[in-house]
Structures are given as C-alpha cells and as structure tokens.
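**Q** Here it is: the structure, laid out below.
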Amino acid sequence: MIPAVVLLSGGLDSATTLAIASALRFRIFALSVDYGQRHQAELHAAARIAASLNAHEHRIMRVDLAGIGGSALTDSALAVPDSPSAGIPVTYVPARNTLLLSLALGWAEVIGAVDIFLGVNAVDYSGYPDCRPEFIAAFESLAKVATKAGVEGARFQIHAPLVNMSKAEIIRTGVDMGVDYSLTVSCYQATEEGLACGRCDSCRLRFAGFAAAGVPDPTRYA
C-alpha cells in the first residue's frame, strides 16, 4: 500500500477525509496537532477516529500557537462568537494550515510519502483564507522547492477531497463509508467531555449539514 499522511483534527471533515484516503487504498499515517487550542477534546476524538478507521499510525505533535495568540481558538481572552460575523472571523488561527501542512510535509518526506490529505472546505466554511483551492495549489508549489525530496524529483500532492463539497455532501459521503460521526468533535468550545456548545460557527454549520443531509445528528450538546 502507498503511504499517505492525513491531517486529522478530530472533527467531521477530517474524519471523512481519512475515510476517503483509506478507501483509495492508502496506508494511513494520521497526524493531529496540539497547537494550544482551547477545545482539546478534539484531540481525544482524533485518537478515536484513527482507531475506528484503522489508521496504520496516529501521532500527535505539539506546537505553541497559543504563544502568539490572535485567535479565539487559542486565546481565552477572546470570546468565541455566538453569531456569524462579516469578513474573516476571530476564530481564524494565524497561519494554522500552513503550519499543519508543513508538519505533514516533513513527516511525509521521512516516511517516503508524496500524498498528503487535508479536510479543508471552501463551500460551507467560515471565511478562512487557508481553506481555499488557491492555498492548496500554492503549498504544492512550495513543497516542490522546499524539500530534499521535491528538488530530487518527488511530486508532492495535497489532496483536499472536500474542498468543493457542501457540509451535507460531506456527511452523506462519510455515512456511505461507515464514518461514525458520534466519535467526532467539531465545536470550537467543546467541554473536556466533548460536549458541543451548539452556538459557534462550527456547531451551526455541522447542525445545518446533518439537517440538509437528512441524517440524524449524533452530536452531544452541553
């Protein structure tokens, strides 16, 4: 089997992405990142998902994005908004996906993989600039010139299978592949037990997605 690194946050989108990569017969090296997020329950969810979908290996790496702040997901002094806002919301984490993909790229180079999967979505998303196809394409170009493997001819591919899908389409795809969404945590301010607030952007998108998909919502709310 061909190895692939799959970024696994513990949420609905990344769980579906892992299932897609597995269905494509990749050997899954799942990578989660403890970047100082307030919703640590998602990391426990990531471990459950990796086990349930038979990942070959699951690692949690640690970096300190809370040290630079600037996001309601890493700075407790900033409130997670309970209603939609115009422009890029305060839940945007500066350079997060650039950092996560860089870690995935490094691990991929070590294990001899050229395929990296990321669960970004540009349809039902919250205005984040690093969830767009333009970002994915730019990072592929970076990988080609920034790594030993790249300059020696390896062609890294960043797979973003959900990028043009609605949340309902993502959920239907995952259900068809046997993803157990009760294991996932999407809430930006989930409790330690993984209970969702039901008010943040992520909760609203998730709730609406299950309703539009006609699938019972297994989310546990506080």
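Derivation of every value follows stated rules applied to the coordinates shown; laboratory data play no part. Just so we're clear, the structure is a prediction, and the values are computed from it rather than from any experiment. Here the Cβ positions follow ideal geometry from the backbone for every residue, glycine too, while neighbour counts run over all protein chains shown.
**Q** Which members of the range 30-41 meet the condition of being of a type outside the set (A, V, I, L, M) and crowded, with 23+ Cβ neighbours inside 10 Å? Step through it out loud before you land on a result.
**A** Quick first cut of the range 30-41, residues of a type outside the set (A, V, I, L, M) only: 32, 34-40.
Residues satisfying the conditions are S32, H39.
**Q** Of everything in the range 14-29 that's farther than 20 Å from C200 by Cα and of a type outside the set (A, V, I, L, M, F, W, C), which residue is surrounded by the fewest Cβ atoms within 10 Å (Cβ to Cβ)?
**A** R25
**Q** How many residues does the range 111-135 hold that are buried (at least 16 other Cβ atoms within 10 Å of the Cβ) and not in a loop (DSSP other than H, G, I, E, B)?
**A** Looking only at that region, the number is 6.
**Q** Considering only the range 136-151, I want to know if a residue exists there that is not in a helix (DSSP H, G or I) and not hydroxyl-bearing (S, T, Y). Please lay out each step first, then the result.
**A** Taking the range 136-151 as the starting set, the residues that turn out to be not in a helix (DSSP H, G or I) are 147.
Retained after the next criterion (residues that are not hydroxyl-bearing (S, T, Y)): none.
Scanning the range 136-151 turns up no residue that is not in a helix (DSSP H, G or I) and not hydroxyl-bearing (S, T, Y).
**Q** Just one of the numbered conditions (1) over 21 Å from P81 (Cβ atoms); (2) buried (at least 19 other Cβ atoms within 10 Å of the Cβ); (3) among the hydroxyl-bearing types (S, T, Y) is not true of T147; which one?
**A** (2)
**Q** Closer than 24 Å to T191 by Cα, among the polar types (S, T, N, Q) and in a helix (DSSP H, G or I): is that true of S14 in this structure?
**A** Details: closer than 24 Å to T191 by Cα: yes; among the polar types (S, T, N, Q): yes; in a helix (DSSP H, G or I): yes.
Against the criterion (closer than 24 Å to T191 by Cα, among the polar types (S, T, N, Q) and in a helix (DSSP H, G or I)), S14 qualifies.
**Q** Report, by residue number, each residue of the range 140-157 that is in contact (Cβ under 8 Å) with a residue 12 or more places away in the chain and over 24 Å from the mean Cα position of the chain (by Cα).
**A** K148, A149, A154
**Q** Give me the pairs: first residue in the range 176-189 and polar (S, T, N, Q), second residue surrounded by fewer than 22 Cβ atoms within 10 Å (Cβ to Cβ) and outside any loop (DSSP other than H, G, I, E, B), beta-carbon distance under 7 Å, and six or more apart or on different chains, which are they?
**A** Every condition considered, the pairs that remain are S186/C203.
**Q** Further question: Being out of contact with any Cys (no Cβ under 9 Å at 6 or more places or on another chain) and under 21 Å from R38 (Cα atoms) is true for just one of G112, G106, G67. Which residue is that?
**A** Going through G112, G106, G67 in turn, just one is out of contact with any Cys (no Cβ under 9 Å at 6 or more places or on another chain) and under 21 Å from R38 (Cα atoms): G67.
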